[in-house]
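Accompanying notes for the structure given below.
The values are calculated or read from the model by the stated rules, or taken from the named source; none is laboratory data. Bear in mind that the values here come from a model prediction, so they are computed numbers and not experimental data. Methodologically, a virtual Cβ is constructed for each residue, glycine included, from the backbone with ideal geometry; neighbour enumeration extends over all protein chains shown. All accessible areas refer to the heavy atoms of the entire protein, side chains included, with ligands and DNA or RNA removed. Shrake-Rupley method; radii C 1.70, N 1.55, O 1.52, S 1.80 Å.
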Amino acid sequence: MDAPNTPTDADASEQEISLPCVMTFNANDPSGAGGLSADLTAMASASAHVLAVTTGCYIRDTTKVHDFIVLDEESVSDQARCALEDIHVQAFKVGFAGNAENLSAIAEITSDYAELPVVAYMPDLSWWEEVEIDQYLDAFAELLLPQTTVLVGNHSTLSRWLLPDWDSDQPPSPRDIAQAAAVHGVPYTLVTGFNAPDQFLESHLSSPETLLASARYERFEATFNGAGDTLSGALAALIAGGTDLQNASAEALTYLDQCLDAGFQPGMGHAVPDRLFWAHDDEKVVELAAEALKAAEAELANAPDDMAGIDTPAQDKTRGTS
């Protein structure tokens, strides 16, 4: 492939881009729970256009992963560079890359666009062989973490990976994990699954120096597939749309909670987040539309004469996330 043709700010300003664009590197999940299925629906819900680069394909159902078919690094690189030579993107998301070679190819691409934020998600890899897990985690830490803006993952997954020698009776705090990630160059972590009293779970956005934001939600009785990809996909889309990190994290977490609350069980295994809950909740849509119309009518009635006929506010680009 030719050298990257990185669009300049002037080039971008000349283009009429109606939606922010996010490139995601992830695997296809035929169960529809996670992977590219989660990225496409979560990012679309946050009004982003998705450039989906396939790294491989799970052989899985809603109960477990049976196998994984990985694409070679040249195929992954060619997919991405062909799209990037044509389309200006505002952010990258990295999900499951499949092997160390693909991580190397992705890291080379993101380094060529170093000005863009990278949201990296580390899924649970317990279904994989131990040797493959170790190789993947080592490559991720060496190649991709130095380019990662926000590392997203479950508390237990990130703790086992980044703090393997932790021997305290107390689990690692958000700052402990952030400090461990910072050793590899990561400035921020968004960690889910902290146990809290009264059947609650907490999520924390943290830097090595301070806790930046926290959210607490009731624990769901069901076990879900695809929650982490849903959260990281929404976060990448919101950042690409210009939302600052703290607000993007809060909106993405609220969106995930709503997805899980509306989740369903399509098969005989785990539940799946309903990432398009906002699109078919007819009663809620009607209610919100009525409230918006009432507010608009009141605003118009109180507006000065010289403001009559002005355009209504643009639609919130984070529909379904608040």
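Only one residue in GLY269, GLY241 is open to solvent by less than 40 Å² (accessible area, probe 1.4 Å) and over 21 Å from PRO123 (Cα atoms). Which one?
GLY241
Could you go through the range 184-193 and let me know if any residue there is outside any strand (DSSP E or B) and touching an Asp or Glu at 6+ places or on another chain (Cβ under 9 Å). Among the residues of the range 184-193, at least one is outside any strand (DSSP E or B) and touching an Asp or Glu at 6+ places or on another chain (Cβ under 9 Å), which makes the answer yes. Tell me yes or no: at least one residue of the range 160-172 is without any contact (Cβ under 8 Å) to a residue 40 or more places away in the chain and within 17 Å of the chain's Cα centre (by Cα). Looking through the range 160-172, none of the residues is without any contact (Cβ under 8 Å) to a residue 40 or more places away in the chain and within 17 Å of the chain's Cα centre (by Cα). PHE224 satisfies every condition listed in (1) surrounded by fewer than 18 Cβ atoms within 10 Å (Cβ to Cβ); (2) over 21 Å from ALA181 (Cβ atoms) except (1). Only one of the numbered conditions (1) open to solvent by 20 Å² or more (accessible area, probe 1.4 Å); (2) under 22 Å from PRO273 (Cα atoms); (3) of a type in the set (S, T, N, Q) is violated by THR210, and that is (2). Filtered by the rule that a residue be under 20 Å from SER232 (Cβ atoms) and either modelled with pLDDT under 95 or open to solvent by 50 Å² or more (accessible area, probe 1.4 Å) (or both), the range 67-110 gives a lone residue, GLN79.
Suppose we keep only residues that are under 25 Å from GLN246 (Cβ atoms) and part of a loop (DSSP other than H, G, I, E, B) within the range 159-183. Which one would you say is least open to solvent (accessible area, probe 1.4 Å)? Steps first, answer last, please.
To start, the set of residues in the range 159-183 that are under 25 Å from GLN246 (Cβ atoms) comprises 159, 161-163, 171-183.
Within this subset, residues satisfying the condition of being part of a loop (DSSP other than H, G, I, E, B) are 163, 171-173, 183.
Details: LEU163: 39, PRO171: 83, PRO172: 12, SER173: 42, VAL183: 117 Å².
Going through the qualifying residues, I end up with PRO172.
Pairing residues of the range 111-137 that are open to solvent by 30 Å² or more (accessible area, probe 1.4 Å) with residues that are modelled with pLDDT under 95, at Cβ distances under 6 Å and at least 6 apart in sequence or on separate chains, gives ASP112/PRO4. List the pairs whose first member sits in the range 67-80 and is at negative phi, whose second member is open to solvent by 80 Å² or more (accessible area, probe 1.4 Å) and in a loop (DSSP other than H, G, I, E, B), and whose Cβ atoms are under 8 Å apart, counting only residues at least 6 apart or on separate chains? Close Cβ pairs satisfying both conditions: SER77/MET1; ASP78/MET1.
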